[in-house]
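Inspection log for the structure reproduced underneath, given as structure tokens.
What follows draws every value from the coordinates through simple rules; no lab data is involved. Small disclaimer: the values here were computed from a predicted structure and weren't measured. Every residue, glycine among them, receives a Cβ derived from its backbone with ideal geometry; neighbour counts consider all protein chains shown.
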Amino acid sequence: MSASPPYLEVAVAAPLPQTLTYALPAGGEIPVPGQRVLVPLGGRLLTGYVLAASDEKPEFRLKPIAGLLDDFPVFPENMVPFFRWVARYYHYPIGEVIRGALPGGLTSQSGRQIKVTEAGLHSFLVKQPQLAQEYPWLATLTSKKKLSGATVRKLWRGKEKRLIEQWAEQGLISVEQIISAASIGQKTETCVFSAAEPLAPELLASLKPSEKKTLALLGEMLPHSPRGLPRRELTRVYSGAAKALAALAAKRIIRLEERPVYRDPFGETPLFYPRPDRLTVDQAKVLAQLNPAIAKKKYAAFLLHGVTGSGKTEVYLQAAETTLALGRSVLVLVPEIALATQLEAHFLSRFGETVALLHSGLARGERFDQWQRVVSGKARIVIGARSAIFAPLGDPGLIIVDEEHDGAYKQEDSLRYQGRDLALLRGSQAGATVLLGSATPSLASYQHALNGKYTLLSLPARIENRPLPQVELVDLQAVNTVSGRPPLFSPQLTQALCSDCGQAVQCPHCRITLTLHKGRGELVCHYCGFATNSRTVCTNCRSINLAPIGFGTERIEEELAGMFPKARIARLDHDTTRNRQDFLRILRAVHDREVDILVGTQMITKGHHFPHVTLVGIVWADAGLGMPDYKAGERTFQLLAQVTGRAGRGEQPGKVIVQTHQPGHYSIAAARDHDYPRFFAKEIGLRKALGYPPFSRLINLVLDGEQEVAVQNRAEALAAKGKTLHRYRKTAILGPAPAPLARLRGRFRWQILLKGPDLEELHGLCVELEQEHARLAGAVNLSVDVDPESML
């Protein structure tokens, strides 16, 4: 290869199935893999990501890149194979994979802007005013003098395009190409430095009083700021300093420089967790196996099966110490942002400023800054939810997946990736140790551990040998109702039920029962966001007698307040934790014993450490058993085992009361007895008999559109096509059938399930069905879900 490879392989930030090759302009700076470039495509300029450079000239003519967007890469070169694999495996355009991985606001692209000329104004307003009635957008153009953005894109795709081109030729309007800059970038602040030369007496005498005062303050403050004094700190002390600083800089008495500054995502200091005096015997055994593997700098996968409260977090922290000492970096994944907040406190207590936070709950600027800290190597530990798997770590040596069983690691829209699986992939590509941790491992992970694919580690006892909580099952079948109402903490989430006809009020767009939000006085669809007044009429019989039933978190909180008027009650759910600070506030209140009763959704089951909780109540344990999903039993066991694990983690023993209609179900009985092996043996036998994962692989093809007949016809056409492709003999085509959520956000949904043991064959059939769908065209969308977590 020559010293100056002139050809670039670029992944364009657009829904393209392949990468494109561009030429490097003569004498142009050679970008490196990971840098962003501006490239021409289809008459527009779009953001592209350089994947590779080559001096092998393709046989076709190439367009040159339009320019560089960065001085440095936004991701390291070692992530290029990772992005390629993700795009191929999940059937998703690689440019879109990379764009979704990067902080929002980094994409630049060109668009068209229409401007009206003086001749055009005269023609449209004086000669032909009737045109504004025929083309309403023309009135906007003549009043604002220009149009751009979505309005122009819509016009350019419609019948008006030819008319616009005609008016442009006549000189009535002009059509220009504009480039939208990235909406986020490095934040800077002005810092003050002292001049190198001593101040001459005559110059000092000529200063104004405000300048002398500012200079005196600088004499006090600058010695404590060797890296420069932020101007805002000085102006906070003396409001007249801003103008004086400019004058002093002009006289070269001081020096003003712009310095990069990071937006702080941590806000309020989280709880501090001290280092324990010693490890337990089990923790020491686990680390004795982990640390040598980390030191080898080769891929190894471990499954840490530790009961709730057994000290998995301390294992994570000490394994991270070993990794950092070797000069490598650490990635820690958690299933939800709320858990990132708690684990972040542990890592900040131990490692301080080397910790970065990456998740979708951060503001754009905060996420950009955290990303930059990681790219630059200033942060060597990254903690985040599933999207943090794309963190631009240059040399990850340890990847931790906490609560690895959790379904939240699977993204359910756009790029439908599984964060845990990508952690294993990234570890194998980087030569890193991957540590999966859980008190209730996924069936697939535990099976892999038993088969030797992973090394199984165990923490079988709680810290200080504290007992696991006693669990009592309450059979709801035996509980009498009062006045026709369900018992306290009944099965239903809070819904609106018509007392005249018994019809639940449903979303008009999704066919999902609406949930009552009492504080807002609204019935809300939790799938599409539709909301209506809680005093609406029944859509079935037009009655106004809608009565709230059931006990969602708001209703439970209300009932408990009536039963225990002196108790301090807090609620932990998505409504009360809109941001990180809300969650921290509740977490701190529980930790400081300012809360007597905590009411919550599944959010409170996931890994939280509440040492003072001694009683846990589960209002309806078998809520998920009736779901149309082969994982229903597994999810139920995991949920119950996790929530029972919140009790008795401190000095006092814990008790759990579980309300259920099916006390004999194997998932519920095994959770009561804290018996994971018994649950695993039963569930794995059922999976094997039915041929479900981990004994097969699945790809779910979901079709959606506004016309139900069109969606059904397309689903039937694709299924029929697949059944004619006899070379895919090992793959079964199940369906087509309406999706369990048959209508969502106003769109009808059908699905086809591909099931088989041969992964290569499964993907081959999927590709052919995608190609057939593209050939048929039309207004029906196809989404590919590889290894679906949920069949809804």
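Over the chain, the pair-distance histogram of Cα-Cα distances with 20 Å bins from zero comes to 13, 39, 36, 12, 1 percent, rounded to whole numbers.
Taking the Cα centre of the chain as origin and assigning +1 to Lys and Arg Cβ atoms and -1 to Asp and Glu Cβ atoms, the resulting dipole is close to 980 debye.
Going by how many other beta carbons lie within 10 Å of each one, how would you line up Arg252, Arg420, fewest first?
Ranking Arg252, Arg420 by Cβ neighbours within 10 Å, fewest first, gives Arg252, Arg420.
Multiplying the residue separation of Lys213 and Phe564 by 0.36 nm and removing their Cα-Cα distance gives an extension gain of 120.2 nm.
Taking amide H atoms as placed 1.01 Å from N in the peptide plane, the amide H of Leu698 lies under 5 Å from those of Asp787, each 5 or more residues away in sequence or on another chain.
Counted by neighbouring Cβ atoms within 10 Å, the residues Ile569, Ile399, Ile699, Ile684 run from fewest to most as Ile569, Ile684, Ile699, Ile399.
Restriction of the trypsin sites (Lys or Arg not before Pro) in segment 64-161 to DSSP coil positions whose beta-carbon has at most 12 other beta-carbons within 10 angstrom yields Lys159.
Given an 8 Å cut-off on Cα distances and at least 6 residues of separation, report the relative contact order of the chain as a percent.
Dividing the mean separation by the residue count of the chain yields 9 percent.
Bins of 5 Å, beginning at zero and ending with the bin holding the largest distance: percent of Cα pairs per bin for segment 109-180, please. Calculated over all Cα pairs of segment 109-180, the distribution is 3, 17, 29, 30, 14, 4, 2, 0 percent. Converting phi to 3J(HN,Hα) with the Karplus coefficients 6.51, -1.76 and 1.60 and the offset θ = phi - 60°, segment 746-760 yields x, 10, 7, 10, 10, 9, 10, 9, 9, 9, x, x, 9, 5, 5 Hz in sequence order, with x at every glycine or proline. Taking every alpha-carbon pair within segment 700-792, the share separated by more than 22 Å comes to 21 percent. Free of any chymotrypsin sites (Phe, Trp or Tyr not before Pro) that DSSP assigns to a loop and that have at most 10 other C-beta atoms within 10 Å, the longest stretch within the chain is 273-792. Kindly state, to the nearest 0.05, the FRET efficiency for Glu760 paired with Asp573, given R0 = 60 Å and r defined as their beta-carbon distance. Efficiency, from the Cβ-Cβ distance: 0.90. Within the straight-line cut-off of under 18 Å between alpha carbons, the lysines reachable from Lys161 are Lys115, Lys146, sequence neighbours fewer than 8 places apart in one chain being disregarded. Counting every other Cβ atom within 10 Å of each residue's Cβ, Val281, Val261, Val50 order from fewest to most as Val281, Val261, Val50. Cβ-Cβ distance of Leu279 and Thr188, R₀ of 60 Å, FRET efficiency by 1/(1 + (r/R0)^6): the value works out to about 0.85. Which translational diffusion coefficient, to the nearest whole µm²/s, is obtained for segment 281-465 from the Stokes-Einstein equation, given a Kirkwood hydrodynamic radius over C-alpha pairs, 10 °C and 1.306 mPa s? The diffusion coefficient I find is 98 µm²/s. Straight Cα distances below 24 angstrom link Lys212 to the lysines Lys243, Lys251, with same-chain residues fewer than 8 positions distant left out. Quick one: of Lys631/Lys730; Lys312/Lys410; Lys57/Lys154, which pairs are farther than 32 Å apart, Cα to Cα? The pairs that break the limit, which is 32 Å between Cα atoms, are Lys57/Lys154. Loop sites here are GluC sites (Glu not before Pro) outside DSSP states H, G, I, E and B with no more than 16 other Cβ atoms within 10 Å. The longest part of the chain free of them is 60-267. Note on Arg263 and Ser428: their simple-model spin labels are 3.7 nm apart, each label 7 Å out from Cα toward Cβ. Computed extension length for Leu725-Leu62: 234.9 nm, one decimal, from 0.36 nm per residue of separation with the Cα-Cα distance subtracted.
Straight-line reach from Lys655: taking Cα to Cα under 21 Å and skipping same-chain neighbours fewer than 8 places apart, the lysines in range are Lys606.
Loop-resident trypsin sites (Lys or Arg not before Pro) (DSSP state other than H, G, I, E or B) in segment 653-689 with no more than 10 further Cβ atoms inside 10 Å of their Cβ are absent. Distant-in-sequence amide contacts of Gln652, defined by a placed amide H-H separation under 5 Å and a gap of 5 or more residues or a different chain, comprise nothing. If R₀ is 22 angstrom, what is the calculated FRET efficiency for the pair Val474 and His612, using the beta carbon separation as r and rounding to 0.05? That pair, Val474 with His612, gives E of 0.35. From its DSSP helices (H runs of at least four residues, each -39,500 (n - 2.57)), the chain gives a residue-normalised ellipticity at 222 nm of -10000 deg cm²/dmol.
Ellipsoid fit via the Cα gyration tensor, segment 204-352: semi-axes of 51, 17, 13 Å, each the root of five times an eigenvalue, largest first. Taking amide hydrogens as placed 1.01 Å from N in the peptide plane, the amide H of Ala52 sits under 5 Å from those of Glu9, each at least 5 positions away in sequence or on another chain. Excluding Leu8 itself, calculate the net charge of residues whose Cβ lies under 13 Å from the Cβ of Leu8, where each Lys or Arg counts +1 and each Asp or Glu counts -1. Taking every other residue near Leu8 into account, the sum is -1. Cα centroids of segment 6-44 and segment 203-221: how far apart, whole angstrom? Here the two parts' Cα centres lie 53 Å apart.
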